[in-house]
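The values are calculated or read from the model by the stated rules, or taken from the named source; none is laboratory data. The shown structure was predicted, so the numbers you read here are calculated from the model rather than taken from an experiment. Cβ atoms come from the backbone with ideal geometry, glycine included; neighbour counts cover every protein chain shown.
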Amino acid sequence: MVAQEERTDARQRILDAAVRRIAQEGIDGVRIARIAMDARVSAALVHYHFDSRDALLAEAIDYSYGHAGDQRTFDPAEADGSAARLKLMIEGCLPLPGAQRDDWLLWVELWLRAARRPELRDTAANLYARLHTWFAEEIAAGVESGELEANDVDRTTAFVLALLDGYGVRALVNDPALDLETARREVWDALASRVGLSA
């Protein structure tokens, strides 16, 4: 039992270290020895858990998304209603400094590799499917309560995700014409007008 817990703990430390290193250096720049050192394990143990860089990237993405998901719950007092929750969801999907920016750097790595490596396309598609479900459920709940209007929840969801991608990438690369606050406002204004809310 203790050995199993130690293996689980080591794997988690490896993933934590991989998320940070990939965000800092890119998947091609990452050295397994550095991840092992950061995680306080042997390089052999990293290779035992992950048979390739792509496998490590795919699991690191899943791991970072899971951790982001742990923070995607809202106190009803903090977010009363679908509009308030959607604002927080938009905030949670932009590359804010810290862990969210690291997540974005990881996801951009995945998108670039998935464009060239068919074996990673399922991972990218699953990431989008999870984001789509998260937004679609909230938009559908707002429609059902009468707070929002949307004839096609899936199209509205695809629209907001496309906005987040476009504005998020520009904010990630520090485009001088588009800071994070502008990105947040533009995404919200576009979504609000689409679902019958005042921006």
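Before moving on, here are some points about what is shown:
Okay, residues lined up against (1) modelled with pLDDT of 85 or more; (2) aliphatic (A, V, I, L, M); (3) closer than 27 Å to W134 by Cα:
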residue	(1), (2), (3)
A3	no, yes, no
I35	yes, yes, no
D51	yes, no, no
Y65	no, no, yes
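- Test: T133 is outside any loop (DSSP other than H, G, I, E, B), polar (S, T, N, Q) and surrounded by 20 or more Cβ atoms within 10 Å (Cβ to Cβ): no
- D9 being surrounded by 14 or more Cβ atoms within 10 Å (Cβ to Cβ), modelled with pLDDT of 80 or more and in a helix (DSSP H, G or I): no
- Residues in the stretch 152-199 that are surrounded by 14 or more Cβ atoms within 10 Å (Cβ to Cβ), without any contact (Cβ under 8 Å) to a residue 24 or more places away in the chain and in a loop (DSSP other than H, G, I, E, B): 1 in all.
- Among the residues of the stretch 132-142, at least one is over 20 Å from G81 (Cβ atoms), under 22 Å from the mean Cα position of the chain (by Cα) and not β-branched (V, I, T).
- Check on V30, β-branched (V, I, T), at pLDDT 90 or above and farther than 22 Å from Y167 by Cβ: no
- Checking each residue in the stretch 75-124 for being among the small types (G, A, S), more than 12 Å from the chain's Cα centre (by Cα) and at pLDDT below 90 picks out A77, A79, G98, A114.
- Scan of the stretch 93-105 for residues that are surrounded by fewer than 16 Cβ atoms within 10 Å (Cβ to Cβ) and part of a helix (DSSP H, G or I), ordered by number: A99
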